[in-house]
1. Quick one: 3J(HN,Hα) in Hz for the range 77-84, Karplus 6.51/-1.76/1.60 with θ = phi - 60°, rounded, Gly and Pro as x.
2. What order do D106, D113 take when sorted by accessible area (1.4 Å probe), most exposed first?
3. If r is the Cβ-Cβ distance from H44 to D127 and R0 is 25 Å, what FRET efficiency results, to the nearest 0.05?
4. Cα to Cα, under 19 Å, and not fewer than 8 places away if on the same chain: which lysines meet these conditions relative to K111?
5. Please give the contour-minus-distance gain from A95 to A166: 0.36 nm per residue of separation, less the Cα-Cα distance, rounded to one decimal in nm.
6. In whole Hz, what ³J(HN,Hα) sequence does the range 11-22 give by Karplus (6.51, -1.76, 1.60; θ = phi - 60°), x for Gly and Pro?
7. Looking at the chain, what % of the alpha carbon pairs are farther apart than 32 Å?
8. Please list, in chain and number order, the residues 5+ apart from I185 or on another chain whose amide H is under 5 Å from its amide H, with Hs placed from the backbone.
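The values are calculated or read from the model by the stated rules, or taken from the named source; none is laboratory data. Remember, predicted model here, so these are calculated numbers, not experimental data. Because the Cβ atoms are built from the backbone with ideal geometry, glycine has one as well, and the counts that use them run over all protein chains shown. Quick note on the areas: whole protein, heavy atoms, side chains included, nothing else; ligands and nucleic acids left out. Shrake-Rupley method; radii C 1.70, N 1.55, O 1.52, S 1.80 Å.
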Amino acid sequence: GEPTTIGSLATLLAFAGVHGFEPGESFDRTDKTLQKFLELRTGHHLKVLANHSILMPDVLEVLRFAADLDHGSAIATMASPAEMQAIYSRHECLARYVPMNRVVTDAAIPKPDRDVYDRAIAVLGFDPPRKTEEERRGFWAIEDTKGGVEAARSAHCSAIGIASDAPREHFIQPHAHDRWKEPRIVVTNHREILAFMKAAAGAKPEQTYFV
């Protein structure tokens, strides 16, 4: 989802007007009551992922195509290692296209920070610090949140915004000085992403990588 702080329990309670709570993920981790709720939520969430999670239509087609590119693809996610393990255990086919050693989790700083994308470029076999901004634009990120797009653009990657759960306008930045945070293109489903990937890879296969 969006940057981790926005999804924290303390932030949700503060937005709801509950007295005594302050926004921020760090507040979740220091408040004993919220910590207990977090542990319960995490346990239930892992069970849901392991038993009921579903893949969006055409996701496997996208991953299958990306796997055949020169350097394949990586998954750059704010999900925890346990969450990704639960998803992979339910959908064993994922490992054929994106091995677990190419799943980047537990970023030092959550999106919209660029950390997770710098690490994703590294697991694709590149040395991030030695990649110029122009070279990094050959890496394409697929994101469904503004925070994720900003993380990719901060790492100088190109970004595709997928408006599957929100209107296209979701990705528009209200201020001109923030326009650099917007995706290069916005699509509504993974079939459109697949069509774009095929066109991009056909044009410059040696410069097109997906994270």
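1. Coupling constants for the range 77-84: 9, 8, 5, 7, x, 5, 5, 5 Hz.
2. Result of the area sort, largest leading: D106, D113.
3. 0.05
4. Of all the lysines, those that pass the test against K111 - Cα under 19 Å, at least 8 places apart if same chain - are K146, K181.
5. Once the chain is fully extended between A95 and A166, it gains 22.7 nm.
6. 5, 4, 5, 5, 4, 7, x, 6, 5, x, 10, 10
7. Counting every Cα pair in the chain, those more than 32 Å apart make up 19 percent.
8. So I185 has HN proximity to A159, G161.
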